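Heads up, the thing below is written out as structure tokens.
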Amino acid sequence: MNLVAVFVENKPGQTARITKVLADAHVNICWVTIAHSGSFGVMKFLVNNPDQAVLSLQEKGLMVSRLEVLAIEAPNQPGSLQAVADCLAQHGINLANCSGFVANHRAILIIETPDLAKARAVLEQQGLRLLTPEEMLSL
Amino acid sequence: MFWDRESETLARPALERFQLGQLQETVRRVAQRVPFYQRKFAELGIKPEDIKSLEDARRLPFTASADLFAAYPDGLLAVAADEPVRLHTSSGTTGKPKAVFFSRNDINNSAELMARSLVMTGVTHKDVLQNMMSYGLFTGGLVMHYGAERVGCLVIPAGPGTSERQLMLMQDFHTTAVHILPSYALYFARFLEQRGVNPRKDLKLRKAFVGAEPHTEETRRRIEEAYGIDVYNSYGLTEMNGPGIGFECEHKAGLHLWEDHFLIEIVDPVSGQPLPEGERGELVLTTLRREAMPLLRYRTHDITSIIPEPCACGRTHRRLNRIVGRADDMLIVRGVNIFPQQIERILMSTPQVGPNYLIVLEGLDDMAIQVELASAGFDGQVEHLSGLRHQLAEKFKTELYVRPKVELVPAGSLPVTEGKAKRVIDRRSL
């Protein structure tokens, strides 16, 4: 699954500048996170139309990159996250960034890792379901 | 390839004999005709006859930029006021410029040296040279123009105009060589990328001559890689002829300075004492053939050193190392001397960094360096950006002994100028 990542300067109005570009392009944001590090940061979006989002942002001179992540569906119960983390740890896979939420009683975990292919394989082996972009968008 | 093989390969003893004759002639002429030098000679108690060897040149007075400002508009003329055929000026940071006059022979000589310079990089009459330097009072445009015409190139006097028009000329007239500011060359490469123009396939470009701004080896390499061309460093200053007084040959290993037209000295920038050949110091030049406005021991403020070894190309005119910086450009931050080129070298050897940067001095004595990311330098990972910033800060600390604040900014977000790039903003309240 692909996220759209945008370089953002840590100044008032910068986030609004980016979201306006997406709004004007009729791109719907389904999930967003902002990571800041001093004078700059990165905004990451899951959107309904990533190609349009990248094009519109680039046209406005913004620095954009696509980022591949995994969206994992785990049972909505205690110990689910632990099971995922344990599975990855056992295979020596490091988690770079991770965020999670529960929607309609479904627990969703979005992870970034340098070993994406390996992570995908071991998680599926563990019986966990990886969501397609379409599934994520229709949660 | 040689334009004037005999002059360019003259054996050192003959070249030095020729220099001495020209020096003596120049000293005699200014002693007769230029009140400024008459005064200086009287103060130092020297007469033209005292100059018996090239070493005696060090007894002659220096000429400083301040002397040119004081002589404005025409106080240093050595010919009748109606004799010069061209005027160029060099911008002063404040107030009046320095005015430099050229006789018909002076113009002829500047074109001749430019022709030698171009041919030594392999330029022929078949080349199409797009001159993207500013024409007018600045020497960069006209001096290159005359030199390239002399070689027989088709010269496109484009001037600095818009990137759109530059590209159109390049495509329509099959430009093979450009004369361009290094900062603009980097900017223009990005413009081509945005236009989807691949210079290797879509243009006929083979060579670029870059000058008028001090720049680093790393910048040259970047331009070469961005276009897939050979880039040659050109050195000059308005007070001499402008471009073409020092130029790289096909070996790109230092700037051959045309010693049959200029006498080179390297002096300690503070004491003015001559330094041994090979040591780094301030370049001092004496014109040996100038008619309209000869200058003795002109302090260029450019910091460099002479490369004593002969060049593989066979030219006997010695080479200068790439200019480290103009003494005027040196920054003093927290008591440490810093040349902007030191910063540029670090940035341009870092692939994730783009072509443009800005050094901002502010507060009491703080230095911040705003660094544009390369278009391909963003992979969406904030950790990689933090890592890059940290890595740059460490390199600066090691090289400069000062730890600047490093700010990463998006590609294309820093201001671009059409003239010489403005790399330093000083708003310190010292």
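Under the convention that each Lys and Arg Cβ holds +1 and each Asp and Glu Cβ holds -1, the size of the dipole of the stretch B:275-382 around its Cα centre is about 700 debye. Applying a DSSP loop filter and a limit of 14 other Cβ atoms within 10 Å to the GluC sites (Glu not before Pro) in the stretch B:174-265 leaves B:E250. Rg ratio for the stretch A:1-49: its Cα radius of gyration over 2.2 N^0.38 Å, N being its residue count, equals 1.11.
Between B:Q24 and B:Q194, residue separation times 0.36 nm minus the direct Cα-Cα distance comes to 55.6 nm. Name the aspartates and glutamates eligible as straight-distance cross-link partners of B:K98: C-alpha to C-alpha under 12 Å, and not fewer than 8 places from it in the same chain. Here the aspartates and glutamates satisfying the reach criterion relative to B:K98 are B:D67, B:D74, B:E239. Each label point was placed 7 Å from the Cα along the Cα-to-Cβ direction; for B:H174 and A:N48 their separation is 5.4 nm. Across q = 0.06, 0.07, 0.11, 0.13 Å⁻¹, the protein assembly as shown modelled as identical point scatterers on its alpha-carbon atoms has Debye log10 I(q)/I(0) values of -0.42, -0.54, -1.03, -1.30, in the order of the q list. With a Förster radius of 41 Å applied to the C-beta separation of A:V102 and B:A393, the computed FRET efficiency comes to 0.50. A crude spin-label estimate for the pair A:S37 and B:N105, with each label 7 Å from Cα along the Cβ direction, gives 6.4 nm. If the cut-off is a Cα-Cα distance under 26 Å, which lysines reach A:K11, setting aside same-chain residues fewer than 8 apart in sequence? In chain and number order, the partners are A:K20, A:K44, A:K60, B:K405, B:K422.
Give me the one-decimal Kirkwood hydrodynamic radius in Å for the stretch B:275-430, with the sum taken over alpha-carbon pairs.
Value: 18.2 Å, from the Cα pair sum.
Within the straight-line cut-off of under 18 Å between alpha carbons, the aspartates and glutamates reachable from B:K47 are B:E25, B:E55, B:D56, sequence neighbours fewer than 8 places apart in one chain being disregarded.
If r is the Cβ-Cβ distance from B:Q342 to B:A64 and R0 is 25 Å, what FRET efficiency results, to the nearest 0.05? Let's see the in-between values first.
On the way: r = 26 Å, r/R0 = 1.03.
Working from the Cβ atoms, E equals 0.45.
Computed over chain B, the per-residue total of -39500 (n - 2.57) for DSSP H runs of n ≥ 4 gives a 222 nm mean residue ellipticity of -10000 deg cm²/dmol, rounded to 500. Modelled this way, with points 7 Å down the Cα-to-C-beta line, the labels at B:D82 and A:N10 are 7.0 nm from one another. Shielding by partners for peptide B:400-409, expressed as the average number of C-beta atoms from other protein chains within 10 Å of each residue's C-beta, is 2.
The mean number of Cβ atoms from other chains found within 10 Å of a Cβ in peptide B:175-185 is 0, as a whole number.
Over the stretch B:205-283, what is the percentage of antiparallel beta bridges among all DSSP beta bridges, to the nearest 5? Within the stretch B:205-283, antiparallel bridges account for around 70 percent of the total.
Shielding of peptide B:381-390 by partners, expressed as the average count of other chain Cβ atoms within 10 Å per residue Cβ, is 5.
Please work out the Kirkwood hydrodynamic radius for the stretch B:107-190, using every pair of different C-alpha atoms, and report it in angstroms with one decimal place. Could the numbers behind the result be given before it?
Details: mean 1/r = 0.0778 Å⁻¹.
Its Kirkwood hydrodynamic radius stands at 12.8 Å.
Principal axis analysis of the Cα atoms in chain B yields extents of 72, 53, 41 Å, listed in decreasing size.
The slack between B:E383 and B:D56, meaning 0.36 nm per residue of separation minus the straight C-alpha distance, is 111.5 nm. Eigen-decomposition of the gyration tensor built on the alpha-carbon atoms of the stretch B:128-286 gives equivalent ellipsoid semi-axes of 31, 17, 13 angstrom, largest listed first. Here the sum of -39500 (n - 2.57) over DSSP H runs of 4 or more residues, divided by the residues of chain A, equals -9500 deg cm²/dmol at 222 nm, to the nearest 500.
So what's the angle, to the nearest 10 degrees on a 0 to 90 scale, between helix A:80-90 and the longest Cα principal axis of chain A? Taking Cα atoms only, the helix is inclined about 80 degrees. In the stretch B:250-269, which residues have a backbone nitrogen under 20 Å from the label point lying 7 Å from B:R280's Cα in the Cα-to-Cβ direction? Hits in the stretch B:250-269 for B:R280 at 20 Å: B:253-257, B:265-269.
Taken together, the values in this text are just the output of simple stated rules run on the coordinates, not laboratory data. Keep in mind the model is a prediction, meaning the values are calculated, not measured. Note that each Cβ is placed from the backbone with ideal geometry, even for glycine, and that neighbours are counted across all protein chains shown.
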